[in-house]
Each structure stands twice: as structure tokens, then as C-alpha cells.
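Accompanying notes for the structure given below.
The values are calculated or read from the model by the stated rules, or taken from the named source; none is laboratory data. Predicted, not measured: the structure shown is a model, and the values here were computed from it. Note that each Cβ is placed from the backbone with ideal geometry, even for glycine, and that neighbours are counted across all protein chains shown. Surface areas here come from the heavy atoms of the whole protein model, side chains and all, with no ligands, DNA or RNA. Shrake-Rupley method; radii C 1.70, N 1.55, O 1.52, S 1.80 Å.
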Amino acid sequence: MSAGAGERSGAELAAGGKAPGLSAGAGDGKAPGAASRGLSEGTGASESASGLSGGTGASGLSGGTGGSGAGSGASGPSPGAGGANAGLAAGTGGSGGTLADDPPPPGAPAPIACLDPPPPGMACIPAGWFIRGSDTGPEHARPQARVWLQTYYLDLNEVTYAEYKACVKAKGCDPKGGPAYSDFDRPKQPVNGVNWFHAEGYCKAQGKRLPSEAQWEKGARGPDGALHPWGDEPATCERAILKDETGRGCGVKKQGSKPDTGRPWEVGSRAPGRYGLYDMSGNSWEWVADWFTRSYAECGADCEGIDPLGPCAKDGEVARECPGKLRKIVRGGSWYWDASYATGVWRRPHFPSNRPFHHFGFRCAANAREAEALQRGQAAK
């Protein structure tokens, strides 16, 4: 199998998108039940479109201007209904000032100070507000709103092939996770081809967890709603590993069959962005914890306020099952897709079983309690 074959055959539709003829299981026919029911990746079981309009609700923050955000048409995930990706928010919103010094909302826990130093291989994202979503971007990212998060930690890099295989060797991870294509097994490449359960299992084995969608987005954008980890300047191969005019993976060929499908690069091949995090734009799509809803407006209170975890969350944990919800979320774009997907707001849904098969990766997060335990474990070593 060549890199990207599953991507082409089973490309999901983003909310509201209408790529001709693509459905959730088109191509390899591996999606259990979903394909036989003819579930379109834009519709889903009970995830009805409900005619939600973007740009309403929440705090009514202006989305700003900038970025053409043109999608790649029917060959990839749809860029959104009615060209909604045009004029993607540059993160101007609110009063125009930084949110870092704004007081917590009523009912928020007291902010927890960052550990100094943070656990090895992780960055601390301090407690506070951030601007999530975009009123002028894709409909699935609407409305833009202020969200408050407690202090948390994110891996500096995407989990690598070597790290995942070391977990398998230690009998802490599922050996079925990992690449199925040639030239995807370099030790420092992000592990690709894992499903959501593989990713969750790896993070738990490390004493961590998958980041919430909100945590991932703040890590990618910072507090003030920049479109990319480096700011609002366009995503290019100088800044991220993606598809450009030279080809997929910034023109680097994959060894073996179908070399033009490219491959991800070793982690950290581009300069870090916010909080010193690498590859939050491009290189590998990354699983996050939450169940997918077609927009933040549809999600409602489950995606608002203080440390939101999306639908069906309880007691600070994301539910492994969520009635009526079929798909999880990957974020950040990849080597295979163009710059319009490598933003801090694009949300791509897919089945947690990763069927049909795609080359998705992940990174892990930790809350303050988990970070302290990681520090103690490191000190004991």
C-alpha cells in the first residue's frame, strides 16, 4: 500500500462540505457498519447539520481578516460550506489586547503555577483564556469564543515511531498501532497509522493523556487567536511540512511504490511555534480526546466555559462512548494536505477505529497532577 492511498479513498468531509461522491468508508470498505449504512462523512448518524449558521453565539468576538484558506477540492477534506474558509480569522477578536492578564471567570479554579522545569519533553501552557475557533473560517470552527483553561502540559513533539515501538516492546502499547506503508519507520518520524485507542493507550502508559481539543488549539495558536503557531503569516514549507507546489511532504519523495505521495519528516524539522512546541502545523494529523460535533454552536455548553472536553465528558474525563457520536477529531494538517488544513482552527472528523485507514499521529498532554507525578518519576530515576 502506498502512502496516502487511504487518504484519497476515504477522505472525510468537514462539516458542511460536499466533496462529490466521498463517503465514510469509500475506498477500502473497512468502516464497520458505517459504509453499509451509507453514512456521509458530512452527516453522520445523529450528527445532523441542523442548519447552524456560523458567526453567532458565544461572546460575539470579531473574527478579523486574512488568509485565503482555499481548500483542495474533492481530493481531500472539504474546505467547508460555501467557501467559508475564505478570510480565515487572524485572531483579532475581543478588545484587541492580550488575554493573558485577564482574570479567571467566576467559578474557575485558582490558576496553578507551571513546574520549573516542566516534565522532560513537555512544555507548560499556563492557565488563562484563549480565543478558540473562528467566525469567518470553516463552519465547523464557529463561533469564535473565549475559553478558559487550567495550566496543562503538552509534548514538545509528536510521538515518534521509536517511542511507540518502545512502548510495544515494554508491553504497554498495542503492537497493531503504527505505519502500514514503506518508508514510514524512521525512528524520529511521527508514528502514523495509529487509531484513537492506540493513541490513548500510549499516553496512558506514559502517565499522560490525549489533549482535549481546546488544549490542542491553545497550544497551536496561543492565547490571542493567531491562525498558526508562528502567527498569521501563511503556512509554507519554510514553516511547516505540508503539500506545496513541489509536492507532498514539501517535495520529498517516499521510497518504494508511489513516491509522489511523500511522507512525514522527522519531528522538529521546522522551527518551534508557541510554547516551544514543534509540528503543531503540518507533518502529521494529531488525534485529540473529544468527540466531534459539526460546530461549536452545535456542541453548545459542552464546548464552552472552563476546561471544556466536548460531548459526554464527565468528572474531567472524556467518555470512551458517546451516544449518537461516531467520530473523534484530528487536528493540525499533515505532509499530505495543503496549507489550508495546517491551521489552528481546522477540525477533521474520523472514526476512532481509524477505518477507513489513514495515517494519523498524536502527541500527549498532562494535567498538573500528572505532571507532578512525571517529575517525581524522573527524580526517582
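Among the candidates D315, D260, which residue alone is at positive phi and over 18 Å from the mean Cα position of the chain (by Cα)?
One residue alone meets the criteria, D315.
I'd like the full set of residues that are of a type in the set (S, T, N, Q), over 18 Å from W337 (Cβ atoms) and assigned to a loop (DSSP other than H, G, I, E, B), limited to region 215-270.
Residues satisfying the conditions are Q255, S257.
So which residues in region 279-335 are of a type in the set (K, R) and either part of a helix (DSSP H, G or I) or surrounded by 19 or more Cβ atoms within 10 Å (Cβ to Cβ) (or both), if there are any at all?
Within region 279-335, R294, K325, R327, K328, R331 qualify.
Could you list all residues from region 336-371 that are touching a strand residue (DSSP E or B) at 6+ places or on another chain (Cβ under 9 Å) and open to solvent by 10 Å² or more (accessible area, probe 1.4 Å)?
Within region 336-371, D338, A339, F351, P352, N367, A368, E370 meet the criteria.
Which condition number does A214 fail, the rest of (1) in contact with a strand residue (DSSP E or B) (Cβ under 6 Å, 6 or more places away or on another chain); (2) open to solvent by 20 Å² or more (accessible area, probe 1.4 Å) being met?
(2)
In region 154-199, which residues are within 16 Å of the chain's Cα centre (by Cα), outside any loop (DSSP other than H, G, I, E, B) and surrounded by 22 or more Cβ atoms within 10 Å (Cβ to Cβ)?
Quick first cut of region 154-199, residues within 16 Å of the chain's Cα centre (by Cα) only: 154-159, 190-199.
Okay, now just the ones that are also outside any loop (DSSP other than H, G, I, E, B), so 154-155, 190, 196-199.
Those that are within 16 Å of the chain's Cα centre (by Cα), outside any loop (DSSP other than H, G, I, E, B) and surrounded by 22 or more Cβ atoms within 10 Å (Cβ to Cβ): L154, D155, P190, W196, H198, A199.
Each row is one residue, and each column tells you yes or no for (1) more than 16 Å from the chain's Cα centre (by Cα); (2) farther than 25 Å from P106 by Cβ.
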{"site": "G276", "(1), (2)": "yes, yes"}
{"site": "W285", "(1), (2)": "no, yes"}
{"site": "R294", "(1), (2)": "no, yes"}
{"site": "D302", "(1), (2)": "yes, no"}
{"site": "R320", "(1), (2)": "yes, yes"}
{"site": "K325", "(1), (2)": "yes, yes"}
{"site": "I329", "(1), (2)": "no, yes"}
{"site": "S334", "(1), (2)": "no, yes"}
{"site": "S340", "(1), (2)": "no, yes"}
